[in-house]
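Following: one structure in structure tokens, then a few remarks.
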Amino acid sequence: MTHAEMTMDAAALDERAEAAATLLKSLANPVRLKMLCALVDGELSVGTIAGQVGVRETVISQHLMRLRAEGLVTNRRQGTTVFYALADGPARPVLRTLYDVFCRGLR
């Protein structure tokens, strides 16, 4: 393999590094990280997330709005209850790994 073949595409690397940094910024908040880890095993209502994380529902809702805007969670409404789940994408395997390393056995 030549040196040229081994050299990464700098523009593509910049793009991926920016995407990774954005994801890591979202995960860097302890409340959001706890919320996302709570969603690793499936969808939950806002009230259930608040109970598991130990934070008021209003705070959870504010963080969920940001996570939805960033494409990290999806939601569905059933009557008056809104359920949230992890969105498909690169955050899912990262969160699964973080959960396995830091949270397994805490439930």
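Taking a sphere under 12 Å around the Cβ of residue 50 and counting the other residues whose Cβ falls inside, with K and R at +1 and D and E at -1, yields a net charge of +1. Among complete DSSP H helices in the chain, those whose alpha-carbon atoms stretch at least 20 Å along the helix's long axis and whose mean Kyte-Doolittle hydropathy reaches -0.5 are 10-27.
The order of 24, 72, going from fewest to most other C-beta atoms within 10 Å of their C-beta, is 24, 72.
For the peptides 52-61, 96-105, the ranking by packing is 52-61, 96-105, with the highest mean count of neighbouring Cβ atoms within 10 Å listed first.
Across the chain, the relative contact order, built from alpha-carbon pairs under 8 Å that are at least six residues apart, equals 25 percent. Potential lengthening of the chain between residue 103 and residue 75 amounts to 7.7 nm, from the contour at 0.36 nm per residue minus the alpha-carbon distance. Helix content alone sets the calculated 222 nm mean residue ellipticity of the chain: runs of n ≥ 4 DSSP H residues at -39500 (n - 2.57) each, divided across all residues, give -16500 deg cm²/dmol.
Laboratory data are not the source of any read-out in this text; all were calculated from the coordinates shown. Just so it is clear, the structure is predicted and the values come from calculations on it, not from any experiment. Virtual Cβ from ideal backbone geometry, glycine too; neighbours counted across all protein chains shown.
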